[in-house]
Amino acid sequence: MSNLFTPVRIGRYELPNRFVMAPMTRSRANDDDGVLSDIVATYYSQRADAGLIISEGVYPAATGKGYVRTPGIETDAQVAAWKRVTDAVHARGARIFMQIMHCGRISHPSLLAGNAQPVAPSAIKPAGQTWTATGQQDFVTPHALSLAEISDVIAGYRAATRRALEAGFDGVELHGASGYLPEQFLSSGSNKREDQYGGSIENRARFILDVLKAMVEEAGSDRVGIKISPEMNYNDVSDATPQETYTYLVRQLNTFNLAYLHVALFGTTVDYHSALKPLFNGAYLMGSGLDQAKAEAALDKGQADATVFGSTFLANPDLPARFLKGAALNAPDRDTFFSAGEKGYIDYPALDTAGAA
């Protein structure tokens, strides 16, 4: 049998297979309060044949929101809505981690309370736009966080971790990729600070490590993971020496004994998987652009401990069954990735319903 269908230990959990559902923003929360709509529990439970589900990015505090209709974990109502999701996933025997995502400068005042400025390590305006209630809007020059404000942001990650566990999540993932706040601190192009959070690679990595420390103190190291995407260069983030930066960061992660390191590569010519996996002591999750053959090859060669599927899982709620049977796959409808409502969300047919139809 394919190694995709063999058990694997990730942190404190023994998972029945090596399928991981990727964190994917789907924009199905109420925009005024960041509370999930009722269909979200159905969406995640449909995909609970995965050994592990990683949720869409969730803002730890309202100041971290970056897109229209994205969910939070700050209020009692948000926690209650997420509890319905975790209950539905657990009822089908799966595990689910929450991805905590602070977008930092990748936001817009119209998305933030009081039309506040987005925050960042340095007051550098990124190129590009974000999705708001009135359509795409240009990014603005962010507010550079003071040391006291950085402490408040870290406290927000701590509180979000605690509330995620209250909502029934099995663990949490720090979103350290895609040009959001942790990667803004890590990267030399977006971080021009001259204090202990800027300058050297050691200083620029400090924010991520301080956040992880707070998350680990709340959840335990075996319920905390991190996602990185070296040289993805998304959302106008860049680093002068990425190989040195990420090698340093991954070595430092071992001080926490994390549940996993999730690495998704997009466009880089550097084989970061071969460079980083030997440096990390926990489970290594490989993501981005995998199909069945690529995932099986990576597992067979020991290049990964589990494999992460994004839009393929989005469009195929019963993906493991389809791989097992060699069945055809549904194609993802990209026009509905971030739209509201059920279309392109919970209406993808599974094999049994497709056969009945």
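The values are calculated or read from the model by the stated rules, or taken from the named source; none is laboratory data. Computed from a predicted model, the values in this text were never measured in an experiment. Quick reminder, even Gly has a Cβ in these numbers, built from the backbone with ideal geometry, and neighbours come from all protein chains shown. Accessible surface areas use protein heavy atoms only, side chains included; no ligands, DNA or RNA. Shrake-Rupley method; radii C 1.70, N 1.55, O 1.52, S 1.80 Å.
Please count how many residues of the range 75-117 are in a helix (DSSP H, G or I), polar (S, T, N, Q), closer than 22 Å to Thr134 by Cα and touching a residue at least 40 places away in the same chain (Cβ under 8 Å). Walk me through how you get there before you give the answer.
The first filter runs over the range 75-117 and keeps only residues in a helix (DSSP H, G or I), leaving 76-91, 109-111, 113-115.
In the following step, the residues that additionally are polar (S, T, N, Q) were identified as 78, 86, 110, 115.
From the residues that got through so far, the ones that are closer than 22 Å to Thr134 by Cα too are 110, 115.
Retained after the next criterion (residues that are touching a residue at least 40 places away in the same chain (Cβ under 8 Å)): none.
So the count comes out to 0.
Which of the residues that make up the range 58-83 are more than 22 Å from Ile150 (Cα to Cα), out of contact with any Leu (no Cβ under 8 Å at 6 or more places or on another chain) and open to solvent by 10 Å² or more (accessible area, probe 1.4 Å)?
Arg69, Asp76, Ala77, Val79, Ala80, Lys83
Kindly indicate which of Ala113, Ala160, Ala127 is buried (at least 23 other Cβ atoms within 10 Å of the Cβ) and either over 25 Å from Ala264 (Cβ atoms) or not aromatic (Phe, Trp, Tyr) (or both).
Ala160
How many residues are surrounded by fewer than 22 Cβ atoms within 10 Å (Cβ to Cβ) and either modelled with pLDDT under 95 or not in a loop (DSSP other than H, G, I, E, B) (or both) when one looks only at the range 9-29?
Residues that pass the stated criteria total 4.
Cβ-Cβ below 7 Å, separation at least six or inter-chain, first residue in the range 277-301 and modelled with pLDDT of 95 or more, second part of a helix (DSSP H, G or I) and open to solvent by less than 20 Å² (accessible area, probe 1.4 Å): which pairs?
Going by the 7 Å Cβ cut-off, the qualifying pairs are Leu279/Val250; Phe280/Val250; Phe280/Leu253; Met286/Ala298; Gln292/Phe323; Ala295/Leu4; Glu296/Leu4; Leu299/Leu4.
Is it the case, given these coordinates, that Ala91 is open to solvent by 10 Å² or more (accessible area, probe 1.4 Å) and over 21 Å from Gly225 (Cα atoms)?
Details: open to solvent by 10 Å² or more (accessible area, probe 1.4 Å): yes; over 21 Å from Gly225 (Cα atoms): yes.
Yes: the conditions hold for Ala91.
Determine whether Ala123 is over 23 Å from Asn235 (Cβ atoms) and either among the small types (Gly, Ala, Ser) or assigned to a loop (DSSP other than H, G, I, E, B) (or both). Break it down stepwise before answering.
On the way: over 23 Å from Asn235 (Cβ atoms): no; either among the small types (Gly, Ala, Ser) or assigned to a loop (DSSP other than H, G, I, E, B) (or both): yes.
No: the conditions fail for Ala123.
Restricting to the range 231-245, count the residues that are open to solvent by 90 Å² or more (accessible area, probe 1.4 Å) and among the acidic types (Asp, Glu).
Residues that pass the stated criteria total 1.
So which residues in the range 179-203 are without any contact (Cβ under 8 Å) to a residue 60 or more places away in the chain and either among the aliphatic types (A, V, I, L, M) or buried (at least 21 other Cβ atoms within 10 Å of the Cβ) (or both), if there are any at all?
Result: Glu183, Ile201.
Open to solvent by 30 Å² or more (accessible area, probe 1.4 Å) and either farther than 17 Å from Pro23 by Cβ or in a loop (DSSP other than H, G, I, E, B) (or both): does that describe Gly344?
Values: open to solvent by 30 Å² or more (accessible area, probe 1.4 Å): no; either farther than 17 Å from Pro23 by Cβ or in a loop (DSSP other than H, G, I, E, B) (or both): yes.
Answer is no for this residue.
What's the total number of residues in the range 126-141 that are part of a loop (DSSP other than H, G, I, E, B) and among the polar types (S, T, N, Q)?
2
Starting from residues that are surrounded by 17 or more Cβ atoms within 10 Å (Cβ to Cβ) and of a type in the set (Gly, Ala, Ser), keep the ones in the range 289-318 and report whichever is nearest to Ile54 (Cα to Cα).
For the range 289-318, the residue satisfying everything is Gly310.
Mind telling me which of the residues Ala127, Ala88, Ala113, Ala120 ends up being under 18 Å from Ala164 (Cβ atoms) and of a type in the set (Gly, Ala, Ser)?
Numbers: Ala127 fails: under 18 Å from Ala164 (Cβ atoms); Ala113 fails: under 18 Å from Ala164 (Cβ atoms); Ala120 fails: under 18 Å from Ala164 (Cβ atoms).
The conditions single out Ala88.
Being crowded, with 18+ Cβ neighbours inside 10 Å and either among the polar types (S, T, N, Q) or out of contact with any Leu (no Cβ under 7 Å at 6 or more places or on another chain) (or both) is the filter here; which residues of the range 94-110 pass it?
Residues satisfying the conditions are Ala94, Ile96, Met98, Gln99, Met101, Arg105, Ile106, Ser107, His108.
Can you run down the residue pairs with Cβ atoms below 9 Å, 6 or more apart or on separate chains, where the first is in the range 232-251 and among the aromatic types (Phe, Trp, Tyr) and the partner is open to solvent by 90 Å² or more (accessible area, probe 1.4 Å)?
Hits for this filter: Tyr248/Glu202.
Quick one: which residue in Thr353, Thr255 is open to solvent by 40 Å² or more (accessible area, probe 1.4 Å), modelled with pLDDT under 95 and polar (S, T, N, Q)? Reasoning before the result, please.
Working: Thr255 fails: modelled with pLDDT under 95.
None of the others qualify; the one that does is Thr353.
Quickly run through the range 318-341 and pick out the residues that are over 20 Å from Ala29 (Cα atoms) and either without any contact (Cβ under 8 Å) to a residue 40 or more places away in the chain or outside any helix (DSSP H, G or I) (or both).
Residues satisfying the conditions are Asp318, Arg322, Lys325, Gly326, Ala327, Ala328, Leu329, Asn330, Ala331, Pro332.
Which of the residues belonging to the range 238-260 are outside any helix (DSSP H, G or I), under 16 Å from Val270 (Cβ atoms) and touching a helix residue (DSSP H, G or I) at 6+ places or on another chain (Cβ under 8 Å)? Give the steps one after another, and end with the answer.
Step one: filter the range 238-260 for residues outside any helix (DSSP H, G or I), giving 238-241, 254-260.
Restricting the remaining residues to those that are under 16 Å from Val270 (Cβ atoms) gives 238-241.
Asp239, Thr241, listed by residue number.
Return yes or no: is Gln184 assigned to a strand (DSSP E or B) and under 30 Å from Ile53 (Cα atoms)?
Details: assigned to a strand (DSSP E or B): no; under 30 Å from Ile53 (Cα atoms): yes.
Considered against the rule, which asks whether it is assigned to a strand (DSSP E or B) and under 30 Å from Ile53 (Cα atoms), Gln184 comes out as no.
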